[in-house]
Amino acid sequence: MTQIVVIAKEPVPGRVKTRLTPPFTPAQAAALAEAALSDTLRAVTAGPATQRLLALDGLPGSWLPAGYVIIPQRGDGLDQRLAAAFTDAHRLRPEPIVLIGMDTPQLTPGLLTQACQALNRHDAVYGPAADGGFWLLGLRRPDPALLLGVPMSHAETGKHQLDRLARAGLAVHHLPELTDVDTAADATRVAVQAPHTRFARLLRELSR
């Protein structure tokens, strides 16, 4: 019995995927962000979860499917916002939690199933990202101390996060590495890996 939390930012031009500009305009970057978020939510909807939550910075739009509980993001740094999302979701429903971002449109329900099942046997599940961070973190017993103070958004974020889990004595299950979409090169790589996603279709249209 596991719940899934997506932490995301409302896809507003100039506020999301700014590293895609250039070559894309702010409006195009926001459209790609919305497509990636839609693909992510589609995978979560098809995956196994007792509850699906969206930890949102901003307002929901037409891209949000039915059946999601919306919780506002809290905190300043990403470590604080991640810790708060785990805390708030666990307060609503005291079950293991799998948390993902909106930057991996190649995500599949199968990967989410692996993550949820892993928490039946392990204390944590970890999905490494190609940029040194992580695309998924699952915790059987969420604790803010496992995240607060971990330096985020640089090449050793994953190393620091895994060290924190190890120091807490947690047994960690590792998932395959995925590429977060941050740059145009990332976008192209992910679109090749998942050509049938909404994200890939939009990228092909914008690249003509």
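Every number in this text was worked out from the coordinates using simple rules, so none of it is lab data. None of these values were measured; they are calculated from a predicted model. Reconstructed Cβ throughout: ideal geometry from the backbone, glycine too, with neighbour counts over all protein chains shown.
The table below gives the values:
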| read-out | value |
| --- | --- |
| Restricting the range 1-15 to residues that are over 13 Å from Gly138 (Cα atoms) and surrounded by fewer than 21 Cβ atoms within 10 Å (Cβ to Cβ), the residue that is nearest to the chain's Cα centre (by Cα) | Lys9 |
| Among (1) in a loop (DSSP other than H, G, I, E, B); (2) more than 23 Å from Val181 (Cα to Cα); (3) not aliphatic (A, V, I, L, M) - the single one Arg91 does not satisfy | (1) |
| Yes/no for Val190 being in contact with a Ser or Thr (Cβ under 9 Å, 6 or more places away or on another chain), surrounded by 14 or more Cβ atoms within 10 Å (Cβ to Cβ) and over 30 Å from Pro23 (Cα atoms) | no |
| Within the range 113-134, considering residues that are among the hydrophobic types (A, V, I, L, M, F, W, C) and assigned to a strand (DSSP E or B), the one nearest to the chain's Cα centre (by Cα) | Phe134 |
| Breaking point among (1) assigned to a helix (DSSP H, G or I); (2) touching a helix residue (DSSP H, G or I) at 6+ places or on another chain (Cβ under 9 Å); (3) closer than 26 Å to Leu20 by Cβ; (4) charged (D, E, K, R), for Arg164 | (3) |
| Count of residues meeting criterion [hydrophobic (A, V, I, L, M, F, W, C) and in a strand (DSSP E or B)] in the range 135-154 | 4 |
| Residue check for Ala55: of a type in the set (Gly, Ala, Ser), outside any loop (DSSP other than H, G, I, E, B), surrounded by 18 or more Cβ atoms within 10 Å (Cβ to Cβ) and free of Cβ contacts under 8 Å to residues at least 60 places away in the same chain | yes |
| Every residue from the range 158-187 that is surrounded by 13 or more Cβ atoms within 10 Å (Cβ to Cβ), free of Cβ contacts under 8 Å to residues at least 24 places away in the same chain and aliphatic (A, V, I, L, M) | none |
| Filter result for the condition that a residue is crowded, with 16+ Cβ neighbours inside 10 Å and touching a residue at least 12 places away in the same chain (Cβ under 8 Å), over Ala145, Ala155, Ala83 | Ala83 |
